[in-house]
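Student: Structure below; questions to follow.
The values are calculated or read from the model by the stated rules, or taken from the named source; none is laboratory data. Quick caveat, the model's predicted, so the values are computed rather than measured. Cβ: placed from backbone, ideal geometry, glycine included. Neighbour counts: every protein chain shown.
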2 protein chains.
Amino acid sequence: MGLTLYDTTLRDGSQGEGISLSLDDKLRITRQLDRFGIDFIEGGWPGSNPKDEAYFREVQNMNLDHAKITAFSSTRRANIRAAEDSNILKLVEAGVDYVTIFAKSWDLHVTDALQIPLKENIEMIKDTVSFLKSEGLNVFFDAEHFFDGYLANPNYALKTLKVAAEAGAELLILCDTNGGMLPSQVTKIVQEVKAECDTPLGIHSHNDGNLAVANSLAAYEEGAVQVQGTVGGLGERCGNADLCSVIPALQLKYGEELVTSEQLKQLKPLYFFVTETANLIPINNKPYVGKSAFTHKGGIHVSAVRKNPHTYEHIEPELVGNERRVLVSELAGKSNLRYKLKEIGFNLEDFSDAMIKKLIKKVKSLENQGYQFEGAEASLILLAFREFKDYNPFFEIEDFRTNSVNRDNKTYSEAVVKMKVNGEKVHIAAEGDGPVNALDNCFRKALVSFYPEITETKLIDYKVRVLNGNDGTAAKVRVLIETADLEKSWTTVGVSTNIIQASWDALLDSIEYWLLIEAGISIN
Amino acid sequence: MGLTLYDTTLRDGSQGEGISLSLDDKLRITRQLDRFGIDFIEGGWPGSNPKDEAYFREVQNMNLDHAKITAFSSTRRANIRAAEDSNILKLVEAGVDYVTIFAKSWDLHVTDALQIPLKENIEMIKDTVSFLKSEGLNVFFDAEHFFDGYLANPNYALKTLKVAAEAGAELLILCDTNGGMLPSQVTKIVQEVKAECDTPLGIHSHNDGNLAVANSLAAYEEGAVQVQGTVGGLGERCGNADLCSVIPALQLKYGEELVTSEQLKQLKPLYFFVTETANLIPINNKPYVGKSAFTHKGGIHVSAVRKNPHTYEHIEPELVGNERRVLVSELAGKSNLRYKLKEIGFNLEDFSDAMIKKLIKKVKSLENQGYQFEGAEASLILLAFREFKDYNPFFEIEDFRTNSVNRDNKTYSEAVVKMKVNGEKVHIAAEGDGPVNALDNCFRKALVSFYPEITETKLIDYKVRVLNGNDGTAAKVRVLIETADLEKSWTTVGVSTNIIQASWDALLDSIEYWLLIEAGISIN
């Protein structure tokens, strides 16, 4: 059996805090996992809830390219026959070729959690696997808590594996369910199990010790042929082994050919897709796929990376669909800012050392006030423009106001803006879902006759952060606004003690950035 | 030399994206690291910026209990004497007993980044270490990029170590600067280095492969006596080895006595303190210290944990200052909700199965609308109260309005609320830093004569999340409000298409929750 990838984002991953996947979410993630080249997708536990049952009905119509869908369940309940257990029968009805059956391999769990005799647990494994095999299914056997069980009672833990193998399981997956194992323990235990069992082994690890990736690789080095995990390491407590780290390690460091190099370039998009679908915030410093994974800040690093990227990067970011970024911040020297200006399309020869210094000073002063340009490059570009270019603003604001009225527990918001667009005075009012949305709608109303394409842009995210007034001054808020048109998105920032003012400033930058690009003003 | 902990949060950690520590932040973090029992605190690089220079002046007045402060620098510049290099002289002036000197041990870096002869780099190491020793300092030698260097040119990499040791360095720290090593590589290379060098070794790893903790432990298993890292794994790109995972592993799994058990209980508070000071969002699924690290969601897990916590927890959460939590969510069965109700102080006998089912149904229906109670337990408690208790609301709202006016680029916000408090009609207006703050101020004005202690409560965080209307409906926003009094904080949630309405709902819950607790209504 060759090395295979097994994804359990849809089942184990969805047990993470704050994660709730709709049926449609699950189907869309399935499509992306299949395109990426995952071999097995654990779709859910058909016996546990109607959503998972519906998933197995729907997924049959998807015509997947490569992946096999597996249905998950525990062994049958105690003291009945597998053939009579409704959960087991739902596996048969799920319309899949592969099922994954988990069973306790730690005696403590049998006696304390299930509260049944050790022998009955063995019978449950034998009966369940045999029955599913007799129904023509391929059976993967998840030995839950295998490592803890092996340390507590090696004979019993091994017996659960042997019984499953004898009953016909094609693969025995050793699970570190509590996630507390050390890599050296995994290495030793996998070696010992291999000496006792001929059936191929898999590894399923959790990240409670921050070692799930290392434990997966340790088992792989000792011959495990299937690695289970989730996209981004989603999952209960500290999550499962992060396939976004495991896959590039196996492919780029161990030389396995699990997916094509084109598929591997979809790793970062896959992470963002799953994170977004699960409505979670992507983690910036996530290995391989995070926004900061190849981001350089320290001045020394930046100047070395400009000379030779290999100096501070363990792999080429493009291999996993990521990119090199350089930050402008107070730690940054001129070298960072020059790199950044070049990256965003300025001609470096236009900038003298004195100009660069002036811009750094301005950035630092704004950062001191609470601005953060690392996440708001569009505002940084505008800053450089306003500082150095013969720059005519597209509009001038005279004043604005906004009000929200609540009646019968419903709130209505409207805004009024007085401004000049291309020298023409306009005075507009609009409603909206709150004051910021109403102000945004005013803008669009004012600008649409001059720039009709503005209807294609849309505010897609709005983030507010209260900045702590550690020094006893009034708290400020920082607002980040992300706007998108049909092709791209950009982020702008505003800071003020008043949230409406901060939102307004970010909004102005957002529209102005779009006009700058849309109006076709060349950056050079 | 016994095993020591070396923290570089203040130096390497501050190179992470989005991190900017003020002088005051650095001093406050130093105090907490010292109290926690860290042996060495790398305070900064006095030669690189005035803030770090000021840090070394100030830290001398702190009377630390245990920790030694170290000053960081590169070796001297090429072609001058160490005694004449201003960066090196600043180390001597820093007033510390320990300095950490980093030097290139990868030939590529010497030739490509520094662009100097390999021999000059060796001279720089020898001269710098000797000079600092002659000034009476203890020298730790950071062999930057040691592992990559050893793989590329083992003789040269080893030579940098040997020269540093001969010049008097007390410790040779092997750095995986690019963070790309595998644990099995680290094991092998540390073994080989130990066969060549008698000087004690340390390990400094980065997390680009999601293996920094595993690599630190691999080096420790082979005899490294110092582990370097940062709190929460902060640092450039994917960060450094996370001491919040390394320390409990060494102490609880390997049996090292690095800190007292009382100090270890400060691990989670330390993580939150540093994260908050760095103005970052804590990561919920962080091993050991994250809010979700011992949080159970799947119904099976919850019922097993209730019987015996050891079944799904690799350590007792209390050992690291964390706690067990149980979530209420659509995956949850009755067992979760019962556990939760008990945890928040209800008497379970008051609830029939039918009542529990009704509450689950209500929670699920609200979650479908975008509510999330996992992070807003105060709203959940109110929900149970409103559902089951003979509950008299403290106030009734008639209506409210709020407006914000901008003139001369300044925004002024005010709100007006009509409400009944204890049957009395009140009509109040207040100004604020934005509409929500103005509404909050109205509340306080209306309630202060009835409940004077309300002046002790304060809105401390306000989070907005745009919920994607994947199905084409209007986007909703979810607002989370965190409020604190002198002793505790609580979080409430509101969801609406209008952000003012969502904020208002969360605000009402926040005040009502406080009144419920403050008014001393027993939960039973």
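Student: Would you confirm whether any residue within region A:214-233 is more than 21 Å from residue A:66 (Cβ to Cβ), touching a helix residue (DSSP H, G or I) at 6+ places or on another chain (Cβ under 8 Å) and outside the structural domain of residue A:42 (by TED's automatic domain parsing)?
Tutor: For region A:214-233, residues more than 21 Å from residue A:66 (Cβ to Cβ), touching a helix residue (DSSP H, G or I) at 6+ places or on another chain (Cβ under 8 Å) and outside the structural domain of residue A:42 (by TED's automatic domain parsing): absent.
Student: Right, another one. Could you tell me whether residue B:288 is surrounded by fewer than 24 Cβ atoms within 10 Å (Cβ to Cβ), within 13 Å of chain A (Cβ to nearest Cβ) and aromatic (Phe, Trp, Tyr)?
Tutor: Working: surrounded by fewer than 24 Cβ atoms within 10 Å (Cβ to Cβ): no; within 13 Å of chain A (Cβ to nearest Cβ): yes; aromatic (Phe, Trp, Tyr): yes.
No.
Student: Among the residues of region B:261-283, is any closer than 20 Å to residue B:42 by Cα, more than 12 Å from the chain's Cα centre (by Cα) and within 13 Å of another protein chain (Cβ to nearest Cβ)?
Tutor: Checking region B:261-283: not a single residue is closer than 20 Å to residue B:42 by Cα, more than 12 Å from the chain's Cα centre (by Cα) and within 13 Å of another protein chain (Cβ to nearest Cβ).
Student: Look at region B:345-359 and say how many of its residues are surrounded by 14 or more Cβ atoms within 10 Å (Cβ to Cβ) and modelled with pLDDT under 80.
Tutor: 2
Student: Also: Condition check: within 14 Å of chain B (Cβ to nearest Cβ), at pLDDT 95 or above, surrounded by 24 or more Cβ atoms within 10 Å (Cβ to Cβ) and closer than 25 Å to residue B:367 by Cα. Does residue A:44 satisfy that?
Tutor: Numbers: within 14 Å of chain B (Cβ to nearest Cβ): yes; at pLDDT 95 or above: yes; surrounded by 24 or more Cβ atoms within 10 Å (Cβ to Cβ): yes; closer than 25 Å to residue B:367 by Cα: yes.
Yes: the conditions hold for residue A:44.
Student: Sticking with this structure for a sec: Can you give me the number of residues within region B:401-435 that are in contact with a Pro (Cβ under 8 Å, 6 or more places away or on another chain) and closer than 23 Å to residue A:419 by Cβ?
Tutor: Taking region B:401-435 as the starting set, the residues that turn out to be in contact with a Pro (Cβ under 8 Å, 6 or more places away or on another chain) are B:402-404, B:413, B:415, B:435.
Keeping just the survivors that are closer than 23 Å to residue A:419 by Cβ gives B:402-404, B:413, B:435.
Count: 5.
Student: Let me ask something additional. How many of the residues making up region B:186-202 are touching a helix residue (DSSP H, G or I) at 6+ places or on another chain (Cβ under 8 Å) and within 14 Å of another protein chain (Cβ to nearest Cβ)?
Tutor: 3
Student: Also, quick follow-up: If I go through region A:445-463 residue by residue, how many of them are exposed (fewer than 15 other Cβ atoms within 10 Å of the Cβ), assigned to a helix (DSSP H, G or I) and among the β-branched types (Val, Ile, Thr)?
Tutor: Looking only at that region, the number is 1.
Student: If only one of A:242, A:198 is acidic (Asp, Glu) and buried (at least 24 other Cβ atoms within 10 Å of the Cβ), which one is it?
Tutor: Checking each option against the conditions leaves just A:242.
Student: Could you give me the residue pairs with C-beta distances under 6 Å whose first residue belongs to region B:190-208 and is under 23 Å from residue A:311 (Cβ atoms), whose second residue is among the polar types (S, T, N, Q) and modelled with pLDDT of 95 or more wherever it lies, and which are 6+ apart or on separate chains?
Tutor: B:202/B:226; B:203/B:216; B:204/B:228; B:205/B:215; B:205/B:216; B:206/B:240
Student: While we're here: Please enumerate the residues belonging to region B:10-25 that are crowded, with 24+ Cβ neighbours inside 10 Å, assigned to a helix (DSSP H, G or I) and more than 9 Å from chain A (Cβ to nearest Cβ).
Tutor: Matches in region B:10-25: B:13 only.
Student: Okay, next question. How many residues does region B:297-321 contain that are under 20 Å from residue B:342 (Cβ atoms), in contact (Cβ under 8 Å) with a residue 24 or more places away in the chain and more than 7 Å from every other protein chain (Cβ to nearest Cβ)?
Tutor: Here the count works out to 6.
Student: Is it true that residue A:225 is away from chain B (no Cβ under 14 Å) and touching a Pro at 6+ places or on another chain (Cβ under 9 Å)?
Tutor: Details: away from chain B (no Cβ under 14 Å): yes; touching a Pro at 6+ places or on another chain (Cβ under 9 Å): yes.
So residue A:225 passes the test.
Student: Something else: Looking only at region A:135-169, which residues are under 29 Å from residue A:68 (Cα atoms), in a helix (DSSP H, G or I) and not acidic (Asp, Glu)?
Tutor: Selection gives A:146, A:147, A:157, A:158, A:159, A:160, A:161, A:162, A:163, A:164, A:165.
Residues are listed down the side, and each one gets a yes or a no for (1) assigned to a loop (DSSP other than H, G, I, E, B); (2) buried (at least 24 other Cβ atoms within 10 Å of the Cβ):
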residue	(1), (2)
A:178	yes, no
A:186	no, yes
A:192	no, no
A:209	yes, yes
A:214	no, yes
A:220	no, no
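Student: Same structure, new question: Filter region A:428-458 down to the residues that are over 20 Å from residue A:506 (Cβ atoms) and within 14 Å of another protein chain (Cβ to nearest Cβ) and list them by number.
Tutor: Scanning region A:428-458 gives A:429, A:431.
Student: Could I ask something else about it? If a residue has to be crowded, with 16+ Cβ neighbours inside 10 Å and in a helix (DSSP H, G or I) to count, how many in region A:52-82 make the cut?
Tutor: The number of residues fulfilling the criteria is 6.
Table: residues versus (1) surrounded by 15 or more Cβ atoms within 10 Å (Cβ to Cβ); (2) at pLDDT 90 or above.
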{"position": "A:385", "(1), (2)": "yes, no"}
{"position": "A:391", "(1), (2)": "no, no"}
{"position": "A:395", "(1), (2)": "yes, no"}
{"position": "A:402", "(1), (2)": "yes, yes"}
{"position": "A:416", "(1), (2)": "yes, yes"}
{"position": "A:427", "(1), (2)": "no, yes"}
{"position": "A:435", "(1), (2)": "yes, yes"}
{"position": "A:443", "(1), (2)": "yes, no"}
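Student: Give region B:245-285 a look and list any residue that's in contact with a strand residue (DSSP E or B) (Cβ under 7 Å, 6 or more places away or on another chain) and buried (at least 23 other Cβ atoms within 10 Å of the Cβ), or say none.
Tutor: Residues satisfying the conditions are B:246, B:247.
Student: Still on this structure: Counting only residues that are of a type in the set (Asp, Glu) and part of a strand (DSSP E or B), which one in region B:398-426 is nearest to the other protein chains (Cβ to nearest Cβ)?
Tutor: First, pick out the residues of region B:398-426 that are of a type in the set (Asp, Glu): B:398-399, B:408, B:414, B:424.
Of the ones still in play, those that are also part of a strand (DSSP E or B) are B:398-399, B:414, B:424.
Details: B:398: 9, B:399: 5, B:414: 10, B:424: 20 Å.
The qualifying residue nearest to the other protein chains (Cβ to nearest Cβ) is B:399.
Student: Considering only helices (runs of 4 or more DSSP H) fully contained in region B:243-306, which possess at least 2 residues that are modelled with pLDDT under 90 and in contact with a helix residue (DSSP H, G or I) (Cβ under 7 Å, 6 or more places away or on another chain)? Before the answer, list the steps.
Tutor: Details: elements: B:243-248, B:261-264, B:267-277.
Answer list for region B:243-306: B:267-277.
Student: Which one is surrounded by the most Cβ atoms within 10 Å (Cβ to Cβ) among residues in region B:370-383 that are within 12 Å of chain A (Cβ to nearest Cβ) and not charged (D, E, K, R)? Steps first, answer last, please.
Tutor: Pass one, region B:370-383, residues within 12 Å of chain A (Cβ to nearest Cβ): B:370-376.
From what is left, the residues that are not charged (D, E, K, R) are B:370-373, B:375-376.
Working: B:370: 19, B:371: 21, B:372: 20, B:373: 21, B:375: 18, B:376: 26.
Result: B:376.
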